[in-house]
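Visitor: Encoded as structure tokens, here's the structure I'll be asking about.
The values are calculated or read from the model by the stated rules, or taken from the named source; none is laboratory data. Every value quoted in this text rests on a predicted model; they were computed, and no experiment measured them. All Cβ positions, even for glycine, are placed from backbone atoms using ideal geometry, and neighbour counts span all protein chains on display.
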Ligand SMILES: *Cc1c(COP(=O)(O)O)cnc(C)c1O
């Protein structure tokens, strides 16, 4: 079986290794739960977009909500990426990591006035606005600061991305964007506001998309609008096709980034829009397969249910560390760090949190014993970024490997830090 995360993740002589580093050793050295990322895997994923876009005016804006750890942002900033942010906090992180505001697009369905001011003062490249009232507020804030806000309108193209309902965002019934039918009116409105400067159009139709066709349908819908808006005398500079490209967790076969980019560029050319600057906002596809979550087996409870049918493998990582299985019933591959001989049995791999939804994998064939280290694969996206302190569990540490080097990029949280801001009566 090809491991998700290959070739950076590989099993050699029974040992699971990331960029050559034995994961069992990293778990022993830094403790568990532990996220480990491959810097080369991240750079390789970014380069796949950049290579396919070579020769075009473009910007790949890493959708940092997928993994916003500073060293991850630094890695992408140094490699020439911009950032797609969804909060003022994310903007602060980009700047702390050495990223440039002029390469930041600010997305999100509910921006506060304070966030708008922060982003205007920093000088972000573009606000991706999602409603007419947002345009009005942004106009007011820009005028109060004596500047003009660069805006793009996020259009809801009403295409089905064919993904989980919670991560589908481009359908009429979703909260995101401006309805396609109202977009021309919204552009006229924006163009008439003195504090705004229309610069682009954008969409984002969902996440973990494994087909090309929804992207092409969405692009066609965007280009129809670009033509209508420009015919109304409002020039549109860039087209931002959003993110959402899927990765392999188990047997998904998404197109690779190069294939996606080339298909979209070809459609732009065919429709006479080849000169436009193109923006992408990939999140998961840049980091998902670059990371693993390491955990230790605490207790085994074989034959636990009445019919003797269920085996529980209780590990020290939980839904607070990695919520995707609990939240989306997401499948994530689980592999022993060091293979042991002996018969594999079927285990539900679950955490210690007091919720029946606290599971990482169900019915997994594993040969395990207490003390073994397991790796949850493809955990680089929406893992640490969604981690919480539920059950007063300190968040995991994070390590980034880079060729021969091993960097601790986030210390394990300490329990007392979790209540440091609280006050007794
Ligand atoms: C979440 C998000 C992305 C990134 O989605 P991925 O599926 O991680 O690629 C891009 N753009 C916007 C506006 C988003 O909200």
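Visitor: Quickly run through segment 388-401 and pick out the residues that are under 21 Å from residue 64 (Cα atoms) and either surrounded by fewer than 17 Cβ atoms within 10 Å (Cβ to Cβ) or within 16 Å of the ligand (Cβ to nearest atom) (or both).
Guide: 388, 389
Visitor: Now a separate question. For segment 72-112, which residues satisfy the criterion of being crowded, with 22+ Cβ neighbours inside 10 Å and assigned to a loop (DSSP other than H, G, I, E, B)?
Guide: If the condition is that a residue be crowded, with 22+ Cβ neighbours inside 10 Å and assigned to a loop (DSSP other than H, G, I, E, B), then 81, 99, 107, 111 are the ones that fit.
Visitor: Considering segment 61-71 alone, what residues qualify as being within 16 Å of the ligand (Cβ to nearest atom) and surrounded by fewer than 24 Cβ atoms within 10 Å (Cβ to Cβ)?
Guide: Once the filter is applied, which keeps residues that are within 16 Å of the ligand (Cβ to nearest atom) and surrounded by fewer than 24 Cβ atoms within 10 Å (Cβ to Cβ), segment 61-71 yields 65, 68, 69.
Visitor: For segment 312-341, which positions are out of contact with any helix residue (DSSP H, G or I) (no Cβ under 6 Å at 6 or more places or on another chain), surrounded by 24 or more Cβ atoms within 10 Å (Cβ to Cβ) and over 11 Å from residue 366 (Cα atoms)?
Guide: Passing the criteria: 315, 317, 318, 321, 322.
Visitor: Of the residues 152, 168, which single one is at pLDDT 95 or above and crowded, with 18+ Cβ neighbours inside 10 Å?
Guide: 152
Visitor: Filter segment 2-50 for residues that are assigned to a strand (DSSP E or B) and buried (at least 22 other Cβ atoms within 10 Å of the Cβ) and give the result.
Guide: Taking segment 2-50 and keeping what is assigned to a strand (DSSP E or B), we get 9-12, 15-18, 21-22, 34-38.
Listed by number, the residues that qualify are 9, 16, 18, 34, 35, 36, 37, 38.
Visitor: Scan segment 190-225 residue by residue and report those that are out of contact with any helix residue (DSSP H, G or I) (no Cβ under 8 Å at 6 or more places or on another chain) and away from the ligand (no atom under 15 Å from the Cβ).
Guide: Those that are out of contact with any helix residue (DSSP H, G or I) (no Cβ under 8 Å at 6 or more places or on another chain) and away from the ligand (no atom under 15 Å from the Cβ): 191, 192, 197, 199, 213, 217, 224.
Visitor: While we're looking at this one, here's another question. Can you tell me how many residues in segment 99-117 are without any contact (Cβ under 8 Å) to a residue 40 or more places away in the chain and within 25 Å of residue 58 (Cα to Cα)?
Guide: So the count comes out to 7.
Visitor: Could I ask something else about it? Would you point out which residue out of 395, 365 is at pLDDT 95 or above, assigned by TED's automatic domain parsing to the domain that holds residue 302 and assigned to a strand (DSSP E or B)?
Guide: 365
Visitor: Pick out, from segment 226-323, the strands (runs of 3 or more DSSP E) lying fully within it that include 1 or more residues that are within 16 Å of the ligand (Cβ to nearest atom).
Guide: So the answer is 238-240, 277-280, 291-301.
Visitor: With respect to residue 354, determine if the residue is modelled with pLDDT under 95 and either in the same structural domain as residue 302 (by TED's automatic domain parsing) or assigned to a helix (DSSP H, G or I) (or both).
Guide: The answer is yes for residue 354.
Okay, residues lined up against (1) in the same structural domain as residue 375 (by TED's automatic domain parsing); (2) more than 30 Å from residue 203 (Cβ to Cβ); (3) free of Cβ contacts under 8 Å to residues at least 40 places away in the same chain:
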residue	(1), (2), (3)
293	yes, yes, no
297	yes, yes, no
300	yes, yes, no
310	yes, yes, yes
318	yes, yes, no
321	yes, yes, no
326	yes, no, yes
333	yes, yes, no
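Visitor: Ok, one more. Show the residue pairs that are 6+ apart or on different chains and have beta-carbon atoms under 7 Å apart, the first residue being within segment 197-213 and more than 29 Å from residue 136 (Cβ to Cβ) and touching a residue at least 24 places away in the same chain (Cβ under 8 Å), the second being assigned to a strand (DSSP E or B) and within 10 Å of the ligand (Cβ to nearest atom).
Guide: 209/245
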